[in-house]
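Scroll down for the structure; my scribbles are underneath it.
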Amino acid sequence: MNLLVTTVTDSIKNVEQLLSLVNISSDVFSTIPDEYYEFRERHNLSSVDECWIITFNNQDFQELKKYCKVNRYKIKIFRCCSISGLDSENSLRESKALLYNVILKAKECADKLYLSSEEGTIYGDMQESARIFGCDCFLHIKNNTNIPLMIQKDVPSSLFISTDNEICSENFIFESRLDTRESEENFEIYNSTPNYHLLEELETRNKQAIHLYGNFYGMIKNPRKEREIFRKLYYLPQHILDKLKAYKLGECREKDLWIIQHLPKAELHSHIGGLLLPEELIEVALKAKQYEPNTSNEESVKFCDNIQTILKYQNTPKELEYEIYKDVKDNFKGIGINRYQNLGDYQGSKILLLKETLEATLDIYANHLLRENIKYVEIRCSPYNYTKLDMTIDDVVMCIINTLDKYSNCFDYRLIYIISRQAKDERIESAISDYCRLYDNNSRFKEKFVGVDVAGDEEYRRPSELRNLFMPLLQRCARVTIHAGETDKVESIWEAVYHLNADRIGHGLKLLDNKELYERFVDKKIGIEMCPSSNDQIIGYEKGEYPLLNYMREGLRVTLNTDDCGISLTNLSNEYIKAAEMCPGLTLWDCVVLIRNSLCIAFCDEMTREKLMHRYEDEMLNLFNNIFGE
Ligand SMILES: [Zn+2]
């Protein structure tokens, strides 16, 4: 079907003239002017099957009706009921809203769409419609002659219809708002009540397009590392982007924290064995209250002793906290890896030995992720360490997966399998062979355990010493992250990359000590998982010494994480605040880059990454518009 859409605010003469031209009839003229034939041919115009007219309340159509009857043209009138002319801001807006709705609908129905309009304000709106929705030609009737002008060369095919399914008339409740009042054989009048959905959507997109153009132009003129940001944020006006870059964390802790908490975040470095705060430890221990020790099993007795010790503080969690932290309470900074690990003595493999305690721990953590607006998490664990009582490693794995699956509507998660440095060769070998057996036979394991980690005190083993043992993992193309350069020298990081094919490094605090390696990190896009609280508590940093900002300025894919949020008494939002304290000058823009880095180096599949990227950038766009927009 070919369609002509035009407006009538004054006289229907234009419509008659347009139809005589397009469909070649002699109603208006006693003879058709020769120019009309030439014009039609030159522009390859086809006859139209219907003519749609947009108009207002006071229009009388008797004359047009008669004209149509004689010529058997099919006419549809779309009438703004509540206005009688374009004499106020509201009436202009209403007519524009109707115009957009009608043109969108016409674009969907028509094989060929011709647009035209009378002169005046509405002419501009019609031209804008042609720009947005596209048309096959735009006809303009000049008042002083009979010859219409044609704008065809620069009429775009369509900015919206073909490229974006969201914009379709069904989504904008077109039909339901239009009520046919009069209908004769070839003539229908639809009375429209105001419906601004489409207009508002187009206005938003138009604004975003303008910002995007300005920002993109600025970016290609002045290439910097800023392309590493969520792309949709370039829909924001320049003044908001400037505010994000100028907003330094540290001036108002409460406001900083509020913003960081509301940003969608990702956590890549979090040990299941260090998740619990002292009061949460009690909550988990209560789940094991009924457990009867098996006196012939030493591990079972030890487990019960630990539960009983924790439950002594059942009503006084502060005292448990005091008990755990009493040696570091005056100076929880630079205490070294061993003392730090001892703070986790009540948890990890001491408490996660029952299905009930494992589930409870993960439930507590899941709620923590919800509160913190963490939408993607990688949790690392050593399942073979939780098999000292009745669970097999398969039980442990499935218990973790099933518990976290309950939250699949709230966040995406993946798991990382830890190999411990402290363990003897045989133990490491058996942990790796368990991994391979599960990977080869259990599809849920393969789906969720997407990477391996080497953790524990770096003093025990250099990565190079693990190369041979690691081979079955590398043969299965496991993604690899290695704790390195935390307490040991930069050589440990080098070995992690060159001997164990690390895709990411946990901590990597010494990287600046080897410039060549540092550059390779940038080239190879190797990720760094930094954990400010844990790093400060273990190593101890003076203000400005922490290498986070140096890493960021060179474009290294660095991320912020909690390590052991329970032991370090922290959460992910707090880690951004802590990072700003350790590195004065950290901006909100930097935080966004850090969050995006987490998604870039996450061990998930590309589809999940893409989905998360969209979800994160939409949420950030809204948040920043709300905080910094007018
Ligand atoms: Zn760690």
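The values are calculated or read from the model by the stated rules, or taken from the named source; none is laboratory data. Just so it is clear, the structure is predicted and the values come from calculations on it, not from any experiment. For neighbour counting, all protein chains shown are included, and Cβ atoms are generated from backbone atoms with ideal geometry for every residue, glycine included.
Per-residue answers, yes or no, for (1) in the same structural domain as Asp10 (by TED's automatic domain parsing); (2) loosely packed, with under 13 Cβ neighbours inside 10 Å; (3) over 30 Å from Glu94 (Cβ atoms):
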site: Tyr37; (1), (2), (3): yes, yes, yes
site: Ser46; (1), (2), (3): yes, no, yes
site: Ile53; (1), (2), (3): yes, no, no
site: Gln62; (1), (2), (3): yes, yes, no
site: Tyr67; (1), (2), (3): yes, no, no
site: Lys76; (1), (2), (3): yes, no, no
site: Arg79; (1), (2), (3): yes, no, no
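List the number of the failed condition for Tyr546; all other conditions in (1) in contact with a Pro (Cβ under 9 Å, 6 or more places away or on another chain); (2) within 17 Å of Gly336 (Cβ to Cβ) hold.
If we test Tyr546 against (1) in contact with a Pro (Cβ under 9 Å, 6 or more places away or on another chain); (2) within 17 Å of Gly336 (Cβ to Cβ), just (2) comes out false.
Does Tyr384 satisfy the criteria of being assigned to a loop (DSSP other than H, G, I, E, B), more than 13 Å from Tyr407 (Cβ to Cβ) and more than 16 Å from the ligand (Cβ to nearest atom)? Show your work before the answer.
On the way: assigned to a loop (DSSP other than H, G, I, E, B): no; more than 13 Å from Tyr407 (Cβ to Cβ): yes; more than 16 Å from the ligand (Cβ to nearest atom): yes.
When the stated conditions are applied, Tyr384 does not pass them.
Return a yes/no flag: does region 483-503 have any residue that is without any contact (Cβ under 8 Å) to a residue 24 or more places away in the chain and among the aliphatic types (A, V, I, L, M).
no
Looking only at region 228-268, filter to residues that are aromatic (Phe, Trp, Tyr) and in contact (Cβ under 8 Å) with a residue 24 or more places away in the chain; which one of those is nearest to Met620 (Cα to Cα)?
This residue is Phe230.
Which of the residues that make up region 365-396 are under 20 Å from Leu268 (Cβ atoms), of a type in the set (A, V, I, L, M) and either touching a Gly at 6+ places or on another chain (Cβ under 8 Å) or buried (at least 18 other Cβ atoms within 10 Å of the Cβ) (or both)?
Hits for region 365-396 are Ala366, Leu369, Ile374, Val377, Ile379.
Any chance you could count how many residues in region 552-592 are of a type outside the set (A, V, I, L, M), over 22 Å from the mean Cα position of the chain (by Cα) and either on the phi > 0 side of the Ramachandran plot or outside the structural domain of Lys510 (by TED's automatic domain parsing) (or both)?
As a first pass, look at region 552-592 and keep what is of a type outside the set (A, V, I, L, M): 553-555, 557, 559, 561-566, 568, 570-571, 573-576, 578, 581, 583-585, 587, 589-591.
After this cut, where a residue has to be over 22 Å from the mean Cα position of the chain (by Cα) as well, the list is 553-554, 563-566, 568, 570, 578, 581, 583-585.
Adding the requirement that they be either on the phi > 0 side of the Ramachandran plot or outside the structural domain of Lys510 (by TED's automatic domain parsing) (or both) leaves 563, 585.
Residues that pass the stated criteria total 2.
Does region 509-528 hold any residues that are within 16 Å of the ligand (Cβ to nearest atom) and closer than 13 Å to Glu554 by Cβ, and which are they?
Across region 509-528, the qualifying residue is only Ile528.
Residues being within 16 Å of the ligand (Cβ to nearest atom), of a type outside the set (A, V, I, L, M), over 19 Å from Lys326 (Cα atoms) and in a helix (DSSP H, G or I): count how many of those fall in region 529-574.
Residues flagged as within 16 Å of the ligand (Cβ to nearest atom), of a type outside the set (A, V, I, L, M), over 19 Å from Lys326 (Cα atoms) and in a helix (DSSP H, G or I) within region 529-574 amount to 2.
Take the residues of region 269-284 that are closer than 30 Å to Val450 by Cβ and surrounded by fewer than 23 Cβ atoms within 10 Å (Cβ to Cβ): which is farthest from the ligand (Cβ to nearest atom)?
If we filter region 269-284 for residues that are closer than 30 Å to Val450 by Cβ, which is where we start, we get 269-277, 280-281, 283-284.
Applying the additional criterion that residues be surrounded by fewer than 23 Cβ atoms within 10 Å (Cβ to Cβ) yields 274, 277, 280, 283.
Values: Gly274: 8, Leu277: 17, Glu280: 19, Glu283: 23 Å.
Within region 269-284, the match that is farthest from the ligand (Cβ to nearest atom) is Glu283.
For residues that are closer than 21 Å to Leu45 by Cα, assigned to a helix (DSSP H, G or I) and modelled with pLDDT under 85, tally how many sit in region 61-115.
Number of matching residues: 2.
Determine if region 488-498 includes at least one residue that is away from the ligand (no atom under 15 Å from the Cβ) and within 30 Å of Asn402 (Cβ to Cβ).
Checked region 488-498: no residue is away from the ligand (no atom under 15 Å from the Cβ) and within 30 Å of Asn402 (Cβ to Cβ).
For region 389-408, give me each residue that is without any contact (Cβ under 8 Å) to a residue 24 or more places away in the chain, more than 14 Å from Ala360 (Cβ to Cβ) and part of a helix (DSSP H, G or I).
Within region 389-408, just Asp405 meets the criteria.
Can you tell me which residues in region 603-630 are in a loop (DSSP other than H, G, I, E, B) and exposed (fewer than 14 other Cβ atoms within 10 Å of the Cβ)? It would help to see each step written out before you state the result.
Pass one, region 603-630, residues in a loop (DSSP other than H, G, I, E, B): 603-605, 629-630.
Matches in region 603-630: Asp605, Gly629, Glu630.
Of (1) within 27 Å of Asn402 (Cα to Cα); (2) buried (at least 17 other Cβ atoms within 10 Å of the Cβ); (3) in contact with a Cys (Cβ under 9 Å, 6 or more places away or on another chain), His507 satisfies all except one. Which?
All conditions are met except number (1).
Inspect all residues belonging to region 350-367 and state whether any of them is of a type in the set (A, V, I, L, M), in the same structural domain as Leu276 (by TED's automatic domain parsing), more than 21 Å from Leu569 (Cβ to Cβ) and in a helix (DSSP H, G or I).
Yes, because at least one residue in region 350-367 is of a type in the set (A, V, I, L, M), in the same structural domain as Leu276 (by TED's automatic domain parsing), more than 21 Å from Leu569 (Cβ to Cβ) and in a helix (DSSP H, G or I).
Evaluate the following for Gln314: is it free of Cβ contacts under 8 Å to residues at least 12 places away in the same chain and more than 16 Å from the ligand (Cβ to nearest atom)?
no
Give the number of residues within region 290-313 that are more than 19 Å from Leu362 (Cβ to Cβ), at pLDDT below 95 and part of a loop (DSSP other than H, G, I, E, B).
Within region 290-313, residues that are more than 19 Å from Leu362 (Cβ to Cβ), at pLDDT below 95 and part of a loop (DSSP other than H, G, I, E, B) number 7.
Please enumerate the residues belonging to region 315-334 that are surrounded by 12 or more Cβ atoms within 10 Å (Cβ to Cβ) and acidic (Asp, Glu).
Residues satisfying the conditions are Glu319, Glu321, Glu323, Asp327.
Collect the residues in region 356-388 that are free of Cβ contacts under 8 Å to residues at least 40 places away in the same chain and among the acidic types (Asp, Glu), keeping them in residue-number order.
Residues satisfying the conditions do not exist here.
Looking for whichever is surrounded by 14 or more Cβ atoms within 10 Å (Cβ to Cβ) and not assigned by TED's automatic domain parsing to the domain that holds Asp390 here; the options are Lys248, Lys287, Lys265. Which one fits?
Just one listed residue meets the conditions, Lys248.
Could we say that Asp390 is over 31 Å from the mean Cα position of the chain (by Cα), closer than 21 Å to Pro317 by Cβ and of a type outside the set (A, V, I, L, M) here?
no
Select from region 116-130 the residues that are surrounded by 14 or more Cβ atoms within 10 Å (Cβ to Cβ) and outside any helix (DSSP H, G or I) and list them in ascending order.
Ser116, Ser117, Glu118, Glu119
I'm told Glu465 meets every condition in (1) more than 16 Å from the ligand (Cβ to nearest atom); (2) modelled with pLDDT of 95 or more except one. Can you identify the failing condition by its number?
Going through the list (1) more than 16 Å from the ligand (Cβ to nearest atom); (2) modelled with pLDDT of 95 or more, Glu465 breaks only (2).
Quick one: in region 481-500, which of the residues that are touching a strand residue (DSSP E or B) at 6+ places or on another chain (Cβ under 7 Å) and outside any helix (DSSP H, G or I) is farthest from Pro463 (Cα to Cα)?
It comes out as Glu486.
Quick test of your reading of the structure: Lys329 fulfils all but one of (1) at pLDDT 95 or above; (2) out of contact with any helix residue (DSSP H, G or I) (no Cβ under 6 Å at 6 or more places or on another chain). Name the failing condition by number.
(1)
Can you pull out every residue in region 468-482 that is free of Cβ contacts under 8 Å to residues at least 60 places away in the same chain and within 16 Å of the ligand (Cβ to nearest atom)?
Val480, Ile482
List pairs: first residue in region 509-520 and in the same structural domain as Val497 (by TED's automatic domain parsing), second residue basic (Lys, Arg) anywhere in the structure, Cβ distance under 8 angstrom, at least six positions apart or on different chains.
Lys510/Lys489; Asp513/Lys489
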